[in-house]
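Okay, structure first, notes after.
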């Protein structure tokens, strides 16, 4: 029988990483929530936290072997892609939700990068995703006003 072990140091380290993943997704989640998209304040942090958690579990259980870790990342990204696919809506000649789906995928990668202690990558992904949604959406609407649903047109 495996002995019960609990490390407060490891607990606080993992807690901090999961909390960082959570906080870094909040700007993206807030933007999607404000835009009344299918995924928002709950979905994005949960995707990042789960992704971070799975990588932390893998690191603790199987170690940092590149081939094992690559399979973990591959499985995570496939699964998160499936969740993002649920945000894509197709109807009457239009496809909506691709930016939300891509943002869900980004938050999964963000969570994994925090677990691997690549905080600079996580911060950059969070900032780039948020800025893309906030800055490029109005530009896209000006370029292609006919592509927007009637309720989105100004």
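If the viscosity is 0.692 mPa s and the temperature 37 °C, what translational diffusion coefficient in µm²/s does Stokes-Einstein give for the stretch 8-152 when Rh comes from Kirkwood over Cα pairs?
206
Need one word for the stretch 55-132: rounded, prolate or oblate. Basis is the Cα gyration tensor (sqrt eigenvalues a ≥ b ≥ c); a/c below 1.5 gives rounded, then a/b vs b/c decides.
oblate
Return the FRET efficiency for the residue pair residue 26, residue 3: r is the Cβ-Cβ distance, R0 is 30 Å, and the value is rounded to the nearest 0.05.
Computed FRET efficiency for residue 26 and residue 3: 0.20.
Counting only the backbone N, which residues of the stretch 7-41 are under 16 Å from the spot 7 Å out from the Cα of residue 127 toward its beta-carbon?
24-28
Taken together, the values in this text are just the output of simple stated rules run on the coordinates, not laboratory data. Note that this is a predicted model, so its numbers are computed, not measured. For neighbour counting, all protein chains shown are included, and Cβ atoms are generated from backbone atoms with ideal geometry for every residue, glycine included.
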